[in-house]
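Data block below; observations after.
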């Protein structure tokens, strides 16, 4: 889930609920994150220095904490994205394997 959060926030600063919406949007409505899982993950990513926070106004003019990617977070996003692409390619290749002829 961390990778999805980092990707969502890399597209622009977001408050918590907007992170959920952005993940749904960029996944074509195929991935859904529960609020109960999101906020501990956001807190952990802030604590690790991958995200920073700033108070601002949401689209409905309410005070909200906005999350933004740090340089360390951007580096982690690139590393994790590269790893995921390699792992996905390896699994795809393994699943495409056919029985060998004797």
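The values are calculated or read from the model by the stated rules, or taken from the named source; none is laboratory data. None of the values given here were measured: they were computed from a predicted structure. Please note: Cβ atoms are built from the backbone with ideal geometry, for glycine as well, and neighbour counts cover all protein chains shown.
For region 20-43, how many residues meet the condition of being surrounded by 11 or more Cβ atoms within 10 Å (Cβ to Cβ) and touching a helix residue (DSSP H, G or I) at 6+ places or on another chain (Cβ under 8 Å)?
Looking only at that region, the number is 11.
Restricting attention to region 92-102, does a residue exist that is under 30 Å from residue 15 (Cα atoms), over 14 Å from the mean Cα position of the chain (by Cα) and surrounded by fewer than 11 Cβ atoms within 10 Å (Cβ to Cβ)?
no
Filter region 46-70 for residues that are loosely packed, with under 10 Cβ neighbours inside 10 Å and part of a helix (DSSP H, G or I) and give the result.
Matches in region 46-70: 47 only.
Checking residue 83 against (1) over 17 Å from the mean Cα position of the chain (by Cα); (2) part of a helix (DSSP H, G or I); (3) at pLDDT 95 or above, only one condition comes out false. Which one?
The single condition residue 83 does not satisfy is (1).
What number goes with the only condition from (1) within 20 Å of residue 83 (Cα to Cα); (2) without any contact (Cβ under 8 Å) to a residue 40 or more places away in the chain that residue 38 does not pass?
(1)
Suppose the filter is surrounded by 12 or more Cβ atoms within 10 Å (Cβ to Cβ) and touching a strand residue (DSSP E or B) at 6+ places or on another chain (Cβ under 8 Å); does residue 73 pass it?
yes
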